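Novice: Please find one structure pasted underneath; my questions will follow.
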Amino acid sequence: MGKDLGRYLFSSSVVALIGGLGSGKTTLIQGMARGLEVSSPVKSPSFVLIREYAGRLPLYHFDLYRVTQDKEILNLGCEEYFYQKRGVVVIEWADRIKRYLPSEYLGISMSIVDASSRKITFRPSGALYQQIVEKMRNHLKREI
Ligand SMILES: Nc1ncnc2c1ncn2[C@@H]1O[C@H](COP(=O)(O)OP(=O)(O)O)[C@@H](O)[C@H]1O
Ligand SMILES: [Mg+2]
């Protein structure tokens, strides 16, 4: 699913992931990286808040797990990533940055169902992201 999503993402798109530890955020991003033709392995950034990967479009991977203060969010310079850079921004723990997100983005909520399954809910805001979700829906229908 991540790989399909990565194929559909466009320049300057923003994907905001919300879900607890172990809900599959990094795993989904690893798939997205494949869809974006990123060749180097995508890891959990841990102490690094933002990692960049080269691909069909640059991928900027934010992991805000350790971010607790507004000051730290401002220091990230996220506006530059959202509005000036031409890549794809994907954010883990996006709830921590919610009020700084652009008006249009693809929200994704993830949760653990059991040891081997996850619930993934797409919450697109804006027509371009609705189209992506529609494409994903059609793709899944063909697979079933
Ligand atoms: N869609 C999925 N179905 C089943 N297991 C998954 C899925 N996505 C991730 N996992 C497993 O859940 C664990 C945590 O995944 P991870 O992507 O690191 O979560 P997060 O980044 O949200 O903390 C890993 O062991 C991973 O293999
Ligand atoms: Mg993670």
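Novice: Check off (1) at pLDDT 95 or above; (2) within 16 Å of ligand 1 (Cβ to nearest atom) for LEU140 and give me the number that stays unchecked.
Specialist: So the condition that LEU140 fails would be (1).
Novice: Right, another one. Can you pull out the residues in the stretch 28-48 that are open to solvent by 50 Å² or more (accessible area, probe 1.4 Å), away from ligand 2 (no atom under 14 Å from the Cβ), in contact with a Lys or Arg (Cβ under 8 Å, 6 or more places away or on another chain) and part of a loop (DSSP other than H, G, I, E, B)?
Specialist: Within the stretch 28-48, just GLU37 meets the criteria.
Novice: Test of understanding: among TYR60, TYR8, TYR105, TYR100, which residue is under 11 Å from the mean Cα position of the chain (by Cα), of a type in the set (Phe, Trp, Tyr) and under 18 Å from PRO124 (Cα atoms)?
Specialist: Unique residue meeting the criteria: TYR105.
Novice: Select from the stretch 1-27 the residues that are of a type in the set (Ser, Thr, Tyr) and within 23 Å of PRO102 (Cβ to Cβ) and write down the one among them that is surrounded by the most Cβ atoms within 10 Å (Cβ to Cβ).
Specialist: SER13
The values are calculated or read from the model by the stated rules, or taken from the named source; none is laboratory data. Computed from a prediction, not measured in an experiment: that's the story for all the values here. All Cβ positions, even for glycine, are placed from backbone atoms using ideal geometry, and neighbour counts span all protein chains on display. Remember, those area values only see protein heavy atoms, side chains included, never the ligands or the DNA or RNA. Shrake-Rupley method; radii C 1.70, N 1.55, O 1.52, S 1.80 Å.
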